[in-house]
Amino acid sequence: MNLPAGLPAWAYVIVSAMILAAQVVAALWINRKGEDRDMATRGEITNNHDKNLRDDLDDKNRSVLDAIERLRRDMNGEFATVNERIANNESNVNELRRELHDLRRSEQ
């Protein structure tokens, strides 16, 4: 950062202090977010919440399997749509070929 020449020394000190303060605040904020995430992870690992560990794992397993099933349904729907479009396009191509064949025949 280049400051204009001729500024008094106190202006440089104030700008430097503001930059330093911004960096300290950003570092503290990032550290706080990391601590919150670490506490949540630690709570999951130590199972220090009310739910039984087996029930907790079963719930997580069900949620993963549900997500996989939703994804599978979405993919099957997309594949069905693509297959339908391909079938329609093939039908259109065959129709155009018949029409072209009929036009060629009528010209002869």
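The values are calculated or read from the model by the stated rules, or taken from the named source; none is laboratory data. The structure displayed is predicted, hence computed values, not measured ones. Every residue, glycine among them, receives a Cβ derived from its backbone with ideal geometry; neighbour counts consider all protein chains shown. All accessible areas refer to the heavy atoms of the entire protein, side chains included, with ligands and DNA or RNA removed. Shrake-Rupley method; radii C 1.70, N 1.55, O 1.52, S 1.80 Å.
Of ARG97, ARG72, which has the most accessible area and how do the rest follow, probe 1.4 Å?
ARG97, ARG72
Taking the solvent-accessible surface of protein heavy atoms with a 1.4 Å probe, what is the per residue accessible area of the chain in Å²? Please report the intermediate quantities before stating the final value.
Working: 9890 Å² over 108 residues.
Solvent-accessible surface per residue comes out at 92 Å².
If I fit a long axis through the Cα atoms of helix 53-107 and take the longest principal axis of the Cα atoms of the chain, what angle between them do I get, 0 to 90°, rounded to 10?
It is inclined by approximately 40 degrees.
Report, in debye and to the nearest 20, how large the dipole of region 1-44 comes out about its Cα centre when Lys and Arg carry +1 and Asp and Glu carry -1 on their Cβ.
Working: 4 positive and 4 negative charges, 15 e Å.
With only Lys, Arg, Asp and Glu charged at Cβ, the dipole is about 80 debye.
Could you work out how far helix 9-46 tilts from the main Cα principal axis of the chain, as a 0 to 90 degree angle to the nearest 10?
So the inclination is approximately 60 degrees.
Mind pulling up the Rg/Rh value for region 52-107? Radius of gyration and Kirkwood radius, both on Cα.
Result: Rg/Rh = 1.59.
How large, in percent, is the carbon and sulfur part of the accessible surface of the chain at a probe radius of 1.4 Å?
57
Which values, in whole Å and largest first, are the semi-axes of the equivalent ellipsoid of the chain obtained as the square root of 5 times each eigenvalue of the Cα gyration tensor? Mind dumping the intermediate values first?
Details: eigenvalues 829, 295, 4 Å².
The answer is 64, 38, 5 Å, longest axis first.
In nanometres, what is the gap between the two model label sites at ARG72 and LEU57, each 7 Å from Cα along Cα-to-Cβ?
2.3
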